[in-house]
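For reference, the structure is listed below as structure tokens.
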Protein chains: 2
Amino acid sequence: MNLHRTPITVPDAIEKVMHINIHKEKENISLSDTHGRVLAEDLLATHPVPPFPKSPYDGFALRSADTVNLSREDPGEFHVIETVPAGHRASRPIKEGEAIRIMTGAEIPRGADCVAMFEICGTHHKEGKDYMTLKRPMTSGQNVIEEGSETEEGVVLVSAGTLINPGVKALLATFGYNSVAVFRKPKIGVFATGTELLDVHEELAPGKIRNSNAPMIVSQIERAGGEPLYFGKLDDNFDLCYQAFTDALEDVDFLITTGGVSVGDYDLMPDIYEKLGADVLFNKVGMRPGSVTTVASFNGKLLFGLSGNPSACYVGFELFTYPVIQSFLGRTRPFHKRIEAVLGHDFEKANPFTRFVRGFVDFTGGKVHVYPTGIDKSAVVTSLASTNVLIILRGGTKGYEKGDSVEAILLDESQGQETFEIMEGSG
Amino acid sequence: MNLHRTPITVPDAIEKVMHINIHKEKENISLSDTHGRVLAEDLLATHPVPPFPKSPYDGFALRSADTVNLSREDPGEFHVIETVPAGHRASRPIKEGEAIRIMTGAEIPRGADCVAMFEICGTHHKEGKDYMTLKRPMTSGQNVIEEGSETEEGVVLVSAGTLINPGVKALLATFGYNSVAVFRKPKIGVFATGTELLDVHEELAPGKIRNSNAPMIVSQIERAGGEPLYFGKLDDNFDLCYQAFTDALEDVDFLITTGGVSVGDYDLMPDIYEKLGADVLFNKVGMRPGSVTTVASFNGKLLFGLSGNPSACYVGFELFTYPVIQSFLGRTRPFHKRIEAVLGHDFEKANPFTRFVRGFVDFTGGKVHVYPTGIDKSAVVTSLASTNVLIILRGGTKGYEKGDSVEAILLDESQGQETFEIMEGSG
């Protein structure tokens, strides 16, 4: 076992991981199952929008030529020949002196070129016929949304690689994408290793702790849009682990293990990678926490050897596994959103390595502040629960002060808000 | 039908909706199913953390009393009686002059009160026994994480009403919550109404458009953590709609309909609420879009009558339905996160009503900017696809200018990022 590993930088490590050619597969799924998936093909306007000239209001469709000389003193009278609700069509074209009553969204009848809103029209009934009166001239095209005025047919509306949110789903529906091409979700196996680990349902025992990394990772996989397969926890036994990993690799696209990647007596992962014949991309990264994070490739699959330390495990996943999942899903923006922020607390201890500090983000006053969550000893236990950013503190010879400008990786935004208030008033 | 509705303000409307006493039900689910659910009970530390004194490093546990006079010139020699990996326990207490080799996370053996890291120790083998040497004094408690030093037993670590993210899930696992109390997801029925609507798989026909609101709403329900039940689209036929809604109400907690809430000839919802005997909380809100959004309560269930206009429908859901879903799920922070921001574009048209403008958020330079997405006519079609905030523009007599300070409602943050770069360098 080589105790002297050569650390590489985080960007270099990420580049190595993202450089592995993983085998993505397209599949077609029902529109109703697309929430949170990623478009594998461009979403095109399969017809112009609107597909026909339509009315933005309830009103009377008529010929503007018939209104040229109208005024308050000299109103015009029009014979209302029909009523057309949205979804229906006038039975014949409009002729001189005629109007058709139409509803919002209805197609403009042939012959008509404008719509007078109900509010400016009078109506009356005479000799069994309906009439409307108008006291002002209309211009051609007035209150008409022309065919194709919003989008022409064939235009790319949303590019392949975009996450499908409610708005994208509405567009897919509008343009008839009943079946949608997406990349299938990666199957990601998870093992926790460590003889000290108990399952969640087990009673505490001397020297033992419950396995919290595996449920956490499974949840991180779900948040990232992957498909987790939890295979259980394993004692630090070489043959047991080797066999279990070999079996699991048959069924997954990526395999995540937690623990066993350090250089202690019971850290088996380096030897397991060697026996597997896996290509170790790196086994030491110039970062804290998670410096022993190891990633190897094997038969086009990736093995993520994350640290057994919960924070290091969490960070290792978000830095290295998350973007690979996004890439597998076909996202053109595979990395977490990076934000610039102001550090809200001193963080005094200097460190030669780049740190990824658990923190949360606050947007008060239109400024982005980030606050480390795990500063106090007692907060270490709960820090991951309130973490929604990783604050990037570059290595150096001095610490950081409140007010310093830093970067942070935005993991999620689901803090919510207790109350809803809007001050009503002048713009 | 009363054409003259009295508008109420958005905060008043939200208060009315949130004031309805909805029947929440607790259920216990497996830890593995908790991602994205909400804690219905406080998460307590069911044991101290750490549960036993443990070592933060690989090293030798020993008695600090035995090291008092050690120095480079006068090193001490200790008999290494045992090796204790994490998850195991020393077989007997340490005595004077003895040391036990322990791994990171292992329990400190009885009798020992400090840990000397491997890096500062020498080791040798003599007459069949293992020894370690140390050249400096240690203090009592050095490199020992005391039992309960991070959290005492019984402390509330995460409060009821908190969304379960990967970090919360790790805590649930740590403290043995194999079964977790949550509130069940609300079942939310969805109908689209409108004779002009086609199903997604249908070919376009004169005067018809495909139903995009229902797939969008279903996706919004999924994003909000509810359970959608899509019942289909209905023609504007009173008896048909009345029967369908009555049947559906048997099976759901809330019912969402799109369309039919305006005051046009074919807007049936007002009469349906009346025949049902539902209590209409409001049918006009002083906002744009979505002024005709109607909410009624019926037998402890809520009926959301959203506009048929896609933007109004989207906004109506996020303002009124989203917080009710969160409340049903037991969240103590049921509203979307509100942020202060700088408006990135002019928005010139004045409007007496409060507007909720589709937009997206940008965090460049540590400042929060929001940009309207639907300004251009051609952008209206795609604006909901790129929307991740609703910009709140209060009503008034003038428009808004680029640089104005505004509030926005943060809907989600899943923009991602194309590349990952960190400048390495001095702090």
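The values are calculated or read from the model by the stated rules, or taken from the named source; none is laboratory data. Everything quoted here is computed from the prediction, not taken from an experiment. Here the Cβ is made from the backbone with ideal geometry for all residues, glycine too, and neighbour counts use every protein chain on show.
General observations
- Cβ-Cβ under 6 Å pairs, at least 6 apart or on other chains, region A:21-40 side over 28 Å from A:SER297 (Cα atoms), far side polar (S, T, N, Q) and in a strand (DSSP E or B): A:ASN28/A:SER179
- Among the residues making up region B:33-51, those that are over 17 Å from the mean Cα position of the chain (by Cα), within 8 Å of another protein chain (Cβ to nearest Cβ) and either part of a helix (DSSP H, G or I) or not small (Gly, Ala, Ser) (or both) are B:HIS47, B:VAL49, B:PRO50, B:PRO51.
- Among the numbered conditions (1) hydroxyl-bearing (Ser, Thr, Tyr); (2) crowded, with 20+ Cβ neighbours inside 10 Å; (3) facing chain B (nearest Cβ under 10 Å); (4) in contact (Cβ under 8 Å) with a residue 12 or more places away in the chain, the only one that A:SER219 does not meet is (4).
- Within region A:283-299, the residues that satisfy the criterion of being crowded, with 23+ Cβ neighbours inside 10 Å and assigned to a strand (DSSP E or B) are A:VAL285, A:MET287, A:THR294, A:VAL295, A:ALA296.
- Some residue of region A:187-201 being within 20 Å of A:LEU329 (Cα to Cα), in a helix (DSSP H, G or I) and either touching a strand residue (DSSP E or B) at 6+ places or on another chain (Cβ under 7 Å) or not hydroxyl-bearing (Ser, Thr, Tyr) (or both): no
- Flag if B:GLY194 is more than 30 Å from A:ASN309 (Cα to Cα) and either at the interface with chain A (Cβ under 7 Å from one of its Cβ atoms) or surrounded by fewer than 19 Cβ atoms within 10 Å (Cβ to Cβ) (or both): yes
- Test: A:VAL295 is more than 24 Å from A:ASP404 (Cα to Cα), away from every other protein chain (no Cβ under 14 Å), in contact with a Lys or Arg (Cβ under 9 Å, 6 or more places away or on another chain) and of a type in the set (A, V, I, L, M, F, W, C): yes
- B:LEU171 meets the conditions (1) assigned to a helix (DSSP H, G or I); (2) more than 30 Å from B:GLU41 (Cβ to Cβ) in every case but one. The failed one is (2).
- The listed residues are A:LEU229, A:LEU255, A:LEU163, and the only one of them that is within 7 Å of another protein chain (Cβ to nearest Cβ) and either modelled with pLDDT of 95 or more or closer than 30 Å to A:THR46 by Cβ (or both) turns out to be A:LEU163.
- When A:PRO56 is tested against (1) in a loop (DSSP other than H, G, I, E, B); (2) touching a residue at least 40 places away in the same chain (Cβ under 8 Å); (3) surrounded by 23 or more Cβ atoms within 10 Å (Cβ to Cβ), only condition (3) is not met.
- Qualifying residue in region A:87-96 (condition: away from every other protein chain (no Cβ under 13 Å), under 18 Å from A:HIS124 (Cα atoms) and either buried (at least 16 other Cβ atoms within 10 Å of the Cβ) or not aromatic (Phe, Trp, Tyr) (or both)): no
- Selection status of B:VAL324, closer than 30 Å to B:SER159 by Cβ and in contact with a Lys or Arg (Cβ under 8 Å, 6 or more places away or on another chain): no
- Selected residue [part of a strand (DSSP E or B) and not assigned by TED's automatic domain parsing to the domain that holds A:ALA350] from A:LEU319, A:LEU302: A:LEU302
- Scanning region B:341-354 finds no residues that are more than 22 Å from A:LEU43 (Cα to Cα), assigned to a loop (DSSP other than H, G, I, E, B), of a type in the set (Lys, Arg) and modelled with pLDDT of 90 or more.
- Residues (in a loop (DSSP other than H, G, I, E, B), modelled with pLDDT under 95 and not charged (D, E, K, R)) located in region B:263-282: B:VAL263, B:GLY264, B:TYR266, B:LEU268
- Residue in region A:241-250 that is more than 14 Å from every other protein chain (Cβ to nearest Cβ), outside any loop (DSSP other than H, G, I, E, B), under 27 Å from the mean Cα position of the chain (by Cα) and buried (at least 19 other Cβ atoms within 10 Å of the Cβ) present: no
- Residue list for region B:166-185, restricted to those being small (Gly, Ala, Ser) and either at the interface with chain A (Cβ under 10 Å from one of its Cβ atoms) or in contact with a helix residue (DSSP H, G or I) (Cβ under 6 Å, 6 or more places away or on another chain) (or both): B:GLY167, B:ALA170, B:ALA173, B:GLY176, B:SER179
- Qualifying residue in region A:14-29 (condition: polar (S, T, N, Q), within 30 Å of A:VAL158 (Cβ to Cβ), within 22 Å of the chain's Cα centre (by Cα) and in a helix (DSSP H, G or I)): no
- Residue satisfying all of: in region B:63-97; outside any loop (DSSP other than H, G, I, E, B) and in contact with a Leu (Cβ under 8 Å, 6 or more places away or on another chain); farthest from A:LEU197 (Cα to Cα) among these: B:GLY76
- If only residues of region B:360-395 that are hydrophobic (A, V, I, L, M, F, W, C), part of a loop (DSSP other than H, G, I, E, B) and at the interface with another protein chain (Cβ under 7 Å from one of its Cβ atoms) are counted, the one that is surrounded by the most Cβ atoms within 10 Å (Cβ to Cβ) is B:VAL368.
- Flag for A:ALA170 being without any contact (Cβ under 8 Å) to a residue 12 or more places away in the chain, at negative phi and either in contact with a strand residue (DSSP E or B) (Cβ under 6 Å, 6 or more places away or on another chain) or not basic (Lys, Arg) (or both): yes
- All positions within region A:322-340 that are at the interface with another protein chain (Cβ under 10 Å from one of its Cβ atoms), buried (at least 21 other Cβ atoms within 10 Å of the Cβ) and assigned to a loop (DSSP other than H, G, I, E, B): A:ARG331, A:PRO334, A:HIS336
- Selection count, region A:100-152, where residues are within 13 Å of chain B (Cβ to nearest Cβ), closer than 24 Å to A:VAL49 by Cα, outside any loop (DSSP other than H, G, I, E, B) and touching a residue at least 60 places away in the same chain (Cβ under 8 Å): 3
- Any hit, region A:198-207, residues being crowded, with 24+ Cβ neighbours inside 10 Å and either at pLDDT below 95 or touching a Pro at 6+ places or on another chain (Cβ under 7 Å) (or both): no
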